[in-house]
1. Calculate log10 I(q)/I(0) of the chain for q = 0.12, 0.21, 0.22 Å⁻¹, where I(q) comes from the Debye formula with a single equal point scatterer on each Cα and nothing for solvent.
2. Can you tell me the length gained on complete extension of the stretch ALA25 to PHE70, counting 0.36 nm per residue apart and subtracting the Cα distance?
3. For helix 50-80, report the angle its Cα long axis makes with the longest principal axis of the Cα atoms of the chain; keep it between 0 and 90° and round to the nearest 10°.
4. Send over a whole-number figure in Å² for the accessible area per residue of the chain, probe 1.4 Å.
5. Using helices alone, what [θ] at 222 nm do you get for the chain, with -39,500 (n - 2.57) per DSSP H run of 4 or more residues, divided over all residues and rounded to the nearest 500?
6. Tell me the carbon and sulfur percent of the accessible area for the chain, rounded to whole percent, probe radius 1.4 Å.
Amino acid sequence: MLALILAAIEGTLGLGACLGAAIAAIGAGLGIGKIGGAAMEAIARQPESAGDIRSNMIVIAALVEGVALFAVIVCVLSLFL
């Protein structure tokens, strides 16, 4: 009986880790999409500052991607540890 309860808890933890990783990946995708859309709008309004907008967009997208990668790593580590 105890083994069955422990197996159910372990399965639930695995499901939670997978859901956490999926939410982090979806959130990063949505965030980077919003960043790209806003940057394209800003470039369309002020084409002369396209270089500055593009470089800022890349920095912010890299930060969002880093946070998402960190979240996925934490979820995977919680699965195995």
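1. Summing over Cα pairs of the chain leads to -0.50, -0.89, -0.93.
2. Additional length available on full extension: 15.1 nm.
3. Rounded to the nearest ten degrees, it is 0.
4. 74 Å²
5. -34000 deg cm²/dmol
6. About 77 percent, which is the carbon plus sulfur part of the accessible surface.
The values are calculated or read from the model by the stated rules, or taken from the named source; none is laboratory data. What you are looking at is a predicted structure, and each value in this text was computed from that prediction instead of being measured. SASA here: full protein model, heavy atoms, side chains in, ligands and nucleic acids out. Shrake-Rupley method; radii C 1.70, N 1.55, O 1.52, S 1.80 Å.
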